[in-house]
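Comments concern the structure below.
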Amino acid sequence: MSSMPEISDRTRLLAVVFAVVIGLAVASVPLVASIFAQPETPPAASPTSESQGAQADQPAPNEALRVNNVVPCVQQEGEGLASDIKADAELAEVRLPCLTDGGKESSQSLAEQFAGKPTVVNVWAWWCGPCRQELPILQDVAENNPEWNVVGVHLDAKGQAGVDFLEELGVDNFPSYQDGNHVFDAATNIPKVVPVTLVYRPDGSRAETFVRTFDDSAQMQQLVSEALAK
């Protein structure tokens, strides 16, 4: 009878050892599998819609846009007028290619190109619903006010989409610049909306900013004239 406790203790010890061994074996299965498995290549991150647009539609350097009706942007002859620009003119360092001239680059800043005449700059984008209504109005204002520079800035990376949008609207006599990198709105600190219309004096200083859509050309002409008269 005295030997029964000894056998029972030995059995318990063996059972514990066996359970530990089994547990270690089970735990080691994933580790062994990971050692012999082929490494997986993580999937590439999908670009955002903005980066996709920039990659797909932003023209490469020196690559011309397909423009059926070329409308040159403002280009000054000589440097006489540039001396009249205010030293702190906000467009003095802004250089943009001409969207309506096939993406043609200019060595002159916008302040230099606009110098000497009042200037109306309309910021638009090809996907903007209100711009669809307003761009024909801008063209009408430009044609009826030759004493002003009236131009657009297409604020989107998809330059060709901007060209096609103007063609669809029949806006074929309205010069616009291309800004796919938000150079213009960074320099002017305008709200992140479109359309926005800015009015500049001949010296490059800003007279007014309109964050709104104009209903007709007469309304725009009146408000621009009032801004320039202040």
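The values are calculated or read from the model by the stated rules, or taken from the named source; none is laboratory data. Since this is a predicted model, take the numbers as computed values, not measurements. Every residue, glycine as well, gets a Cβ built from its backbone with ideal geometry; the counts of neighbours run over all protein chains shown. Side chains included, ligands, DNA and RNA excluded: accessible areas come from the protein's heavy atoms. Shrake-Rupley method; radii C 1.70, N 1.55, O 1.52, S 1.80 Å.
Could you please find all residues in region 184-198 being farther than 20 Å from MET220 by Cα, open to solvent by less than 50 Å² (accessible area, probe 1.4 Å) and not polar (S, T, N, Q)? Walk me through it before giving the result.
Of region 184-198, the ones farther than 20 Å from MET220 by Cα are 184-189, 192.
From the residues that got through so far, the ones that are open to solvent by less than 50 Å² (accessible area, probe 1.4 Å) too are 184-185, 187-188.
If the condition is that a residue be farther than 20 Å from MET220 by Cα, open to solvent by less than 50 Å² (accessible area, probe 1.4 Å) and not polar (S, T, N, Q), then PHE184, ASP185, ALA187 are the ones that fit.
Determine whether VAL123 is closer than 17 Å to ALA207 by Cα and either buried (at least 19 other Cβ atoms within 10 Å of the Cβ) or in contact with a helix residue (DSSP H, G or I) (Cβ under 9 Å, 6 or more places away or on another chain) (or both). I'd like the intermediate steps shown before the answer.
Values: closer than 17 Å to ALA207 by Cα: yes; either buried (at least 19 other Cβ atoms within 10 Å of the Cβ) or in contact with a helix residue (DSSP H, G or I) (Cβ under 9 Å, 6 or more places away or on another chain) (or both): yes.
In short, yes.
Could you say whether any residue in region 104-117 is within 21 Å of GLU208 (Cβ to Cβ), open to solvent by 30 Å² or more (accessible area, probe 1.4 Å) and without any contact (Cβ under 8 Å) to a residue 24 or more places away in the chain?
No: region 104-117 contains no residue that is within 21 Å of GLU208 (Cβ to Cβ), open to solvent by 30 Å² or more (accessible area, probe 1.4 Å) and without any contact (Cβ under 8 Å) to a residue 24 or more places away in the chain.
Within region 65-85, restricting attention to residues that are under 13 Å from SER109 (Cα atoms) and modelled with pLDDT of 85 or more, which residue is farthest from the chain's Cα centre (by Cα)?
Result: ILE85.
Report, ordered by the first and then the second residue, all pairs with beta carbons closer than 7 Å, sequence separation of six or more or different chains, a first member in region 218-230 that is touching a residue at least 40 places away in the same chain (Cβ under 8 Å), and a second member that is surrounded by 13 or more Cβ atoms within 10 Å (Cβ to Cβ) and part of a helix (DSSP H, G or I).
MET220/ILE137; MET220/VAL141; GLN221/VAL141
When the residues of region 92-112 are filtered to those that are within 19 Å of PHE174 (Cβ to Cβ) and in a loop (DSSP other than H, G, I, E, B), which remaining residue is modelled with the lowest pLDDT? Even if it seems obvious, please write down each step before you answer.
First pass over region 92-112, keeping only residues within 19 Å of PHE174 (Cβ to Cβ): 96-104, 106, 110.
This time we only want the ones that are in a loop (DSSP other than H, G, I, E, B), so: 96-97, 102-103, 106.
Details: LEU96: 98, PRO97: 97, GLY102: 96, GLY103: 95, SER106: 91.
Selected residue: SER106.
This table checks each residue for (1) surrounded by 15 or more Cβ atoms within 10 Å (Cβ to Cβ); (2) among the hydrophobic types (A, V, I, L, M, F, W, C).
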residue: ALA142; (1), (2): yes, yes
residue: TRP148; (1), (2): yes, yes
residue: GLY159; (1), (2): yes, no
residue: ASP164; (1), (2): yes, no
residue: PHE174; (1), (2): yes, yes
residue: HIS182; (1), (2): no, no
residue: TYR200; (1), (2): yes, no
residue: VAL211; (1), (2): no, yes
residue: ALA218; (1), (2): no, yes
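Output the residues belonging to region 126-140 that are out of contact with any strand residue (DSSP E or B) (no Cβ under 8 Å at 6 or more places or on another chain) and open to solvent by 30 Å² or more (accessible area, probe 1.4 Å).
Those that are out of contact with any strand residue (DSSP E or B) (no Cβ under 8 Å at 6 or more places or on another chain) and open to solvent by 30 Å² or more (accessible area, probe 1.4 Å): TRP127, GLY129, PRO130, ARG132, GLN133, PRO136, ASP140.
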